[in-house]
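First up is the structure itself, then whatever we jot down about it.
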Amino acid sequence: MGFTMAIDGPAGAGKSTIARLAGEKLGLIYIDTGAMYRAVACYFVENNINPDDCEEVKKACDSIVITIDYCDGVQQVLLNGRNVTPLLRGEATGKMASRVAKLGDVRTKLVSLQRDMAGKERIIMDGRDIGTCVFPDADIKIYLTASSAVRAKRRYDELVSKGQECNIEEIERDIINRDYEDMNREISPLRQADDAICVDTSDMGIDEVVNTLIKIYEEKNI
């Protein structure tokens, strides 16, 4: 029997990390929607698809099938049956992903695939429009957020730990701009669903956030 926990929220709120950890503890399959868009981007790059050509985009969407599998507990993304997980973090794929994510045909295709997954499995999925657009009837909806300053500090610490030079003020400006773009985009803008539970993680650690989601799940008694 299908079950869906939808987690939405702004960039840098920790949605993917929290969804993955909560999914492990609750026995839910974590579906990384961002990885699915990157898989589409991978197809576009490999097949020289012009995202500005509507006809090419439509044909490409008709040819794409993306599925999620797990190997030793690690998510694997399959594009037309081929494991493309190692290719998803490439620079070319990342740049293309930001373009294809704005395309109506691509979003329609992936929403269809995501709904198909949810009808067969007990899943937890994160994104920008999961509870508002993809699964408006999700069993549980969470809106995960944090202040722009906190999200900037988290990103700053992450980059510094990797030895990268960065400016925390610039990071916060980028986050604020990204929030504005996400909330004001024409297709599926970011917003909190009316029936979503807001969890502000500004003053919470990862374990505390995960435990909060587990408590919400248990209270629903699903």
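Computed from the coordinates by the stated procedures, all read-outs in this text should not be read as laboratory data. Quick caveat, the model's predicted, so the values are computed rather than measured. Methodologically, a virtual Cβ is constructed for each residue, glycine included, from the backbone with ideal geometry; neighbour enumeration extends over all protein chains shown.
Determine, at each q value in 0.16, 0.20 (inverse angstroms), the log₁₀ of I(q)/I(0) that the Debye formula gives when each Cα of the range 64-125 is one equal point scatterer. These q points yield log10 I(q)/I(0) values of -0.62, -0.96. Electrostatic tally near LEU87: other residues with Cβ closer than 13 Å to its Cβ, Lys and Arg +1, Asp and Glu -1, net +1.
Think of it as helices only: each DSSP H run of n ≥ 4 in the chain is worth -39500 (n - 2.57), and spread over all residues that comes to -15500 deg cm²/dmol at 222 nm. Under 5 Å between amide hydrogens, built in the peptide plane, is the criterion, and for ILE7 it picks out MET125, ASP126, GLY127, ILE142 among residues at least 5 positions away or on other chains. Listed peptides 172-184, 132-144 appear in the order 132-144, 172-184 once ranked by packing, highest mean of other Cβ atoms within 10 Å at the front.
Counted by Cβ distance under 12 Å from ALA152, the other residues give a net charge of -1, where Lys and Arg count +1 and Asp and Glu count -1.
Within a Cβ distance under 14 Å of THR4, other residues only, what is the Lys/Arg minus Asp/Glu net charge? Before the final figure, lay out the partial values.
Details: positive: ARG115, LYS120, ARG122, LYS141, LYS220; negative: ASP8, ASP116, GLU121, ASP126, ASP129, ASP137, ASP139, ASP195.
With Lys, Arg at +1 and Asp, Glu at -1, the net is -3.
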